[in-house]
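First the structure, in the form of structure tokens, and then the observations on it.
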Amino acid sequence: MTVNPNQQDQAEIKLSKNNRVKISILVGVLILGLIVTIFFRIEDFQGFVTENIRLTLVASLLIYLLLGLTFIPTSPITLFLALLLGPLQAALLAALGNTLSALIEYKIGQTLGDIFDFEEKKKNLPFNLGKMPIDSPYILLFGRLMPGGVRGLSYVAGAYHVPMKLYLPTTLTMALLSAFFIAFGGDKLISLL
């Protein structure tokens, strides 16, 4: 199959237009970030947050849920909330947000597992990965300590149909431990500076 030179030129032009759009968006975001940085006063923002606590809680939970669909860590959000609201409130909010996010990830993994008939396909996985005891409390707890384990384990647990009565307590336990560690540890480190 031969490619028409005219089609190839159009593809290159389209690609360059896409690059121009990406560069324009990147420059716009950087300029916006610079403007916000120049005029940003943490005291004003902290006052807004404390006056509108319900809005802050809803926005924070939404951010945790949205980041849960990606592999972007939520630790910076927890640290930021610890500075604004205090470490206890930030830890509780982070634990709730990360647990809700993990439940959504579990359901996505479960749905994908059903769509792609994972129960049948896991028998053919290399290195006997199909026989891995994902429904072990130890794997559900300590698997979250590995890089990517927080998000990845939720998807895998859903695909493996780990019982919710086992999945939820282990997820909540690790979400609470990590949230308290990050919020209180980060608060102490920042206070030393």
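The values are calculated or read from the model by the stated rules, or taken from the named source; none is laboratory data. Here the structure is a predicted model, which means the values were calculated and not measured. Note that each Cβ is placed from the backbone with ideal geometry, even for glycine, and that neighbours are counted across all protein chains shown.
Given the structure, is residue 101 at pLDDT 85 or above, under 17 Å from residue 162 (Cα atoms) and buried (at least 20 other Cβ atoms within 10 Å of the Cβ)?
Considered against the rule, which asks whether it is at pLDDT 85 or above, under 17 Å from residue 162 (Cα atoms) and buried (at least 20 other Cβ atoms within 10 Å of the Cβ), residue 101 comes out as yes.
Residues that are out of contact with any Cys (no Cβ under 6 Å at 6 or more places or on another chain) and farther than 24 Å from residue 188 by Cβ: list the helices (runs of 4 or more DSSP H) wholly contained in the stretch 47-136 that include at least 1 such residues. Step through it out loud before you land on a result.
Working: elements: 53-68, 75-85, 87-115, 118-121.
Ranges flagged: 53-68, 87-115, 118-121.
Given 74, 78, 56, 70, which one is farther than 26 Å from residue 154 by Cα and not charged (D, E, K, R)?
56
Kindly indicate whether residue 168 is assigned to a helix (DSSP H, G or I), free of Cβ contacts under 8 Å to residues at least 40 places away in the same chain and not basic (Lys, Arg).
Here the answer is no, as residue 168 does not meet what is asked.
Please identify the pairs in which a residue from the stretch 44-63 that is on the phi < 0 side of the Ramachandran plot has its Cβ atom under 6 Å from the Cβ atom of a residue that is surrounded by 11 or more Cβ atoms within 10 Å (Cβ to Cβ) and of a type in the set (Gly, Ala, Ser), counting only partners at least 6 apart or on another chain.
The qualifying pairs are 61/97.
For residues in the stretch 149-188 being surrounded by 18 or more Cβ atoms within 10 Å (Cβ to Cβ) and aromatic (Phe, Trp, Tyr), which is farthest from the chain's Cα centre (by Cα)?
Once the filter is applied, the top-ranked residue is 160.
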